[in-house]
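Structure first, then comments.
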Amino acid sequence: MTQFKSPIRKAIFPVAGLGTRFLPATKAMPKEMLTINDRPLIQHVFEEAKEAGIEEFIFVTGRQKEMLEEHFDYQPELEQTLESRGKTDMLKAVRDLEIPAGKLFLTRQPKPLGLGHAIWCASKLIGNEPFAVLLPDVLMRGKTGCLKQMVSVYNETGGNVIALEEVPEDETYKYGIIEPGHDSQNRVEIKGLVEKPKKGTAPSRLSVVGRYILQPEVFDHLSAFERGAGNEIQLTDSMAKLIGKQPFTGMRFDGKSYDCGSRTGFIEANLVYGAHDPEIGEHIKAMVKAMAAQL
Ligand code: UTP
């Protein structure tokens, strides 16, 4: 039995998917390197994890994903050039990105068999402690990072904490949907979980939204490699098997999510992140207004 309240030190970033919705852009380039405003998706989620106190970063990678690890590596030529040109802001931005020795771990998912399978691939690196999962193609925009909000809930509740967001009734079939129990303020007891429920059968409109704090017992179920919705090994199916045995708390995220794995979500996120950028924000807002007037 693990301690349901041990600190959250490790995070898994599953990046082994094929990104088929973004073809041909993702034929050779990882989807997680697509840029929102001035940085790739993977950097946005890495920064969110760091803000939440994560110390060890585990990437579950696959074929043609080397660029992701390069992004967090020491780049001596680039640093020397920036230094000699006096570009101190850029130099700082580049240095802030380096993951210190012994803190970045890479494991491989040989075939993209589903999110649950990707997470299982990191089981030996997690060992017997709770951990976070961040899906890089979902950006969570809020005053406080989503994972940080979740860690403060976890520090009170322990167990498993899942970020939630309300979705329209007629779109529930696209998501993992929870069956809610006691619901107060930003917390919802999770009594059940169903991945992509058939239309008209969803137990609520509360959808799982790409951020998880999980106990290591989830690996016991993932290791059965059972296929679920879309014939993929789903993370939610294994989580569902632990409900009732361990605490499961849903946290309504104070902010908004952007599904950057879809083209519309990606474009929306670029406009929103651009509009809040201190350097180009005003220009983007004026541009959007002018465009809206013409459409
Ligand atoms: P998605 O289902 O959104 O990514 O998974 P995908 O399969 O790459 O995208 P499409 O549907 O073909 O366009 C969410 C995250 O989980 C990773 C993906 O890389 C993405 O970051 N993932 C998904 C894996 O690592 N392995 C998998 O088998 C599936």
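The values are calculated or read from the model by the stated rules, or taken from the named source; none is laboratory data. What you see is a predicted model; the values in this text were computed from it and never measured. As a convention, Cβ positions derive from the backbone with ideal geometry for all residues, glycine included, and neighbour counts pool all protein chains shown. All accessible areas refer to the heavy atoms of the entire protein, side chains included, with ligands and DNA or RNA removed. Shrake-Rupley method; radii C 1.70, N 1.55, O 1.52, S 1.80 Å.
Filtering the range 236-258 to residues that are surrounded by fewer than 19 Cβ atoms within 10 Å (Cβ to Cβ) and within 10 Å of residue 140 (Cα to Cα) leaves 254, 255, 256.
A single entry from 93, 11, 52 fulfils the requirement of being modelled with pLDDT under 95, among the aliphatic types (A, V, I, L, M) and under 29 Å from residue 262 (Cα atoms): 93.
Filtering the range 115-129 down to residues that are open to solvent by 10 Å² or more (accessible area, probe 1.4 Å) and near the ligand (Cβ under 8 Å from one of its atoms), which residue is nearest to residue 176 (Cα to Cα)?
The qualifying residue nearest to residue 176 (Cα to Cα) is 115.
Residue-level check: of (1) under 17 Å from residue 14 (Cβ atoms); (2) surrounded by 14 or more Cβ atoms within 10 Å (Cβ to Cβ); (3) away from the ligand (no atom under 16 Å from the Cβ), residue 163 misses just (3). Residues in the range 36-70 that are open to solvent by less than 40 Å² (accessible area, probe 1.4 Å) and of a type in the set (Asp, Glu): 48, 56.
Please find, within the range 259-268, the residue that is least open to solvent (accessible area, probe 1.4 Å) out of those that are within 13 Å of the ligand (Cβ to nearest atom) and among the hydrophobic types (A, V, I, L, M, F, W, C). Checking each candidate, the answer is 260.
Tell me yes or no: at least one residue of the range 134-144 is surrounded by 18 or more Cβ atoms within 10 Å (Cβ to Cβ), within 24 Å of residue 228 (Cα to Cα), away from the ligand (no atom under 16 Å from the Cβ) and modelled with pLDDT of 95 or more. Checked the range 134-144: no residue is surrounded by 18 or more Cβ atoms within 10 Å (Cβ to Cβ), within 24 Å of residue 228 (Cα to Cα), away from the ligand (no atom under 16 Å from the Cβ) and modelled with pLDDT of 95 or more. Checking each residue in the range 172-222 for being polar (S, T, N, Q), surrounded by 15 or more Cβ atoms within 10 Å (Cβ to Cβ) and part of a strand (DSSP E or B) picks out only 207.
Just one residue in the set 244, 274 is more than 17 Å from the chain's Cα centre (by Cα), of a type in the set (Gly, Ala, Ser) and within 24 Å of residue 30 (Cα to Cα); that residue is 274. Applying the criterion of being open to solvent by 50 Å² or more (accessible area, probe 1.4 Å) and among the β-branched types (Val, Ile, Thr) to the residues of the range 12-35, the residue that is nearest to the ligand (Cβ to nearest atom) is 20.
Considering (1) under 23 Å from residue 131 (Cβ atoms); (2) within 11 Å of the ligand (Cβ to nearest atom); (3) not in a helix (DSSP H, G or I), the lone condition that residue 68 does not fulfil carries the number (3).
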